[in-house]
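See structure below.
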Amino acid sequence: MYTEKVMDHFTNPRNVGEIENADGAGQVGNPSCGDIMKITLKVEDNIIKDIKFKTFGCGAAVATSSMVTEMALGKTIDEALQITNKAVAEALEGLPPAKMHCSNLAADALKAAIEDYQKKQNA
Amino acid sequence: MRKVYFDHSATTPVDPAVAEEMLKYLTEHYGNPSSIHAFGREARKAVEKARQQVATAIGASSVGEISFAGTGTEADNMAIRGVAYANRQKGNHIITSAAEHSAVLNCCKQLEREGFTVTVLPLDKYGRVTAQQVADAITDKTILITIMHANNEIGTIMPIREISEVARARKIIFHTDAVQSVGKIPVNVDELGVDLLTLSGHKIYGPKGIGAMYIRKGTFWQPILFGGGQERRRRPGTENVAGIVGLGKAIELATQNMHVEAERLAKYRDRIFKEVMEKIPNTILTGHPEQRLPGHVSFCFRFIEGESMLLMLDMKGIAISSGSACTSGSLEPSHVLTAIGLTKEVAHGSLRLTMGRINTEEDVEYFLEALPPIIERLRAMSPLGEGCNPCACSTCTIHDEDHHDHGELSEDEY
């Protein structure tokens with residue numbers, strides 16, 4: 001039911017973990033739905049220099065989290081904000097229809113982390 | 001890589017002896033049991049032999065009390081709808097439990113839409129209902145009580161005998177779904193005191209696509225399908241002869257070897273429980289620790305999600321199942337796990353392992369070695385953890401807007 005790409009990211013997830021003293025952190029999802037994603041960022045000169053994720057969820061949740069970190073790493077903040085949940089799913093060569101809503105939240109987590117970073121910048 | 005099948009409550013392999021019996025009725029004795037000629041008579045003989053095998057296995061006093069059906073689900077529908085409609089002059093109230101398989105629960109829900117009233121009894125923390133609960137729920141409109149014998153998800157065995165005493169005293173028809181218990185623990189219709197009992201072929205090393213309904217002589221019931229006169233008009237349609245033959249042989253074999261097999265599997269089960277509970281913290285044993293099916297093991301592992309566990313075990317060649325939302329095809333985790341009082345978060349981390357004939361001690365050891373690193377790996381990947389209430393995380397952005405009680409999640413969320 002999952003593509004090879006999803007299984008690759010599930011089996012060998014990229015950028016797992018949590019950055020200490022992160023410049024931005026964002027968490028989306030809810031334990032009662034079975035999916036929580038947390039992303040932490042390090043930003044230098046408006047570029048995402050480091051990004052890590054932690055996820056509670058199914059195979060699709062892990063794979064989308066891993067994929068979004070790969071997509072965002074090295075991008076400028078503006079570029080990273082352009083990443084959508086749909087783009088993440090496409091980069092994984094598709095997700096089962098049932099997973100499109102419940103487990104495809106990784107871009108939202110990234111956005112939440114960037115917003116947290118921006119809030120801290122403006123503070 | 002080693003392959004370990006630990007999903008016998010989902011389905012079982014067909015016993016080679018069963019397959020051999022069946023094959024003859026596909027290629028050689030292909031007659032229609034309703035035909036009068038020799039071909040038909042050969043098939044009829046086989047169907048009636050299987051009926052006797054089922055009757056003997058469950059202690060029915062007459063073969064006429066056994067009807068074959070398409071599946072376990074169909075048999076449940078026949079039993080429940082058949083009693084409901086035949087008795088609707090007497091009343092419209094049905095009592096069932098929150099532990100039931102969807103074949104029973106959704107059948108009752110449909111009857112509710114058709115004007116019946118259904119009481120779904122809540123479960124204790126082990127997944128049981130008591131005879132007292134049933135007695136308290138009975139009204140003068142109650143026409144049917146349907147409570148499963150053993151639960152598919154958490155393995156708990158219900159006190160069917162005690163419940164049947166209540167049903168009998170109040171003269172209410174009592175059905176039990178014995179799909180998970182037949183062939184694994186003693187099932188005798190008189191000892192259980194049931195009026196109807198349903199079972200399925202593919203859970204007991206028989207083929208898929210065959211079920212059966214036991215109906216005690218004198219039980220007021222009407223058919224739900226209409227057509228030819230097969231199965232004493234209880235289930236019209238040309239008989240699935242090979243399937244019926246397979247079910248007959250399978251139930252005979254399963255009951256013959258039951259005690260030895262149950263003892264063997266219970267030993268595996270208890271070893272897994274002991275070692276997993278010792279080795280892996282934040283683990284919840286689901287279902288009753290003793291009053292449960294012999295080969296049935298179920299847990300919830302906190303902070304992680306079931307499908308991820310399932311996929312990782314699958315990569316090790318181990319086939320298990322989970323009651324997480326992701327594996328059920330809906331957004332909701334298992335209704336049984338939430339009915340025994342687990343939060344949805346915990347229910348998402350469920351794992352069920354059901355052992356059977358093909359499993360060995362080596363399989364158990366292989367699993368016990370494979371599991372802890374998988375749990376550890378997924379927990380390391382999880383933002384949840386001991387002392388980390390997801391709602392209390394400073395970085396959590398979502399819980400500010402949709403706040404709820406910490407830890408306890410209300411039923412209607414999402």
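The values are calculated or read from the model by the stated rules, or taken from the named source; none is laboratory data. Remember, predicted model here, so these are calculated numbers, not experimental data. Counting neighbours? That spans all protein chains shown, and the Cβs are built from the backbone with ideal geometry, glycine included.
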Next on the checklist: Quick check on region B:293-322: of everything there that is touching a His at 6+ places or on another chain (Cβ under 7 Å) and in contact (Cβ under 8 Å) with a residue 60 or more places away in the chain, which residue is farthest from the other protein chains (Cβ to nearest Cβ)?
Outcome noted: B:G295
Checklist outcome for this item: Scanning region B:271-289 residue by residue, the ones that are away from every other protein chain (no Cβ under 14 Å) and touching a strand residue (DSSP E or B) at 6+ places or on another chain (Cβ under 9 Å) total 11
Next on the checklist: Of everything in region B:347-374, what is in contact with a Lys or Arg (Cβ under 8 Å, 6 or more places away or on another chain), closer than 17 Å to B:N282 by Cβ and either part of a loop (DSSP other than H, G, I, E, B) or at pLDDT below 95 (or both)? Give them in sequence order.
Outcome noted: B:G349
Next on the checklist: Just the residues that are closer than 14 Å to A:T55 by Cα and either away from chain B (no Cβ under 11 Å) or in a helix (DSSP H, G or I) (or both), please, taken from region A:102-112.
Outcome noted: A:C102, A:N104, A:A106, A:A107, A:D108, A:A109, A:L110
Next on the checklist: Just to confirm my filter: which strands (runs of 3 or more DSSP E) fall fully inside region B:141-260 and include at least 1 residues that are among the hydrophobic types (A, V, I, L, M, F, W, C) and within 18 Å of B:Q52 (Cβ to Cβ)?
Outcome noted: B:196-200, B:211-215
Item to check | Within region B:18-137, strands (runs of 3 or more DSSP E) holding 2 or more residues that are out of contact with any Lys or Arg (no Cβ under 6 Å at 6 or more places or on another chain) | outcome: B:93-97, B:117-121
Checklist entry - Got at least one residue in region B:83-97 being assigned by TED's automatic domain parsing to the domain that holds B:L196, within 17 Å of B:H149 (Cβ to Cβ) and hydroxyl-bearing (S, T, Y)? => result yes
Checklist entry - Looking at B:D136, B:D124, which one is at pLDDT 95 or above, surrounded by fewer than 20 Cβ atoms within 10 Å (Cβ to Cβ), closer than 23 Å to B:I284 by Cα and out of contact with any strand residue (DSSP E or B) (no Cβ under 8 Å at 6 or more places or on another chain)? => result B:D124
Next on the checklist: Out of the residues in region B:83-99 meeting the condition of being of a type in the set (G, A, S) and surrounded by 24 or more Cβ atoms within 10 Å (Cβ to Cβ), tell me which one is farthest from the chain's Cα centre (by Cα).
Outcome noted: B:A84
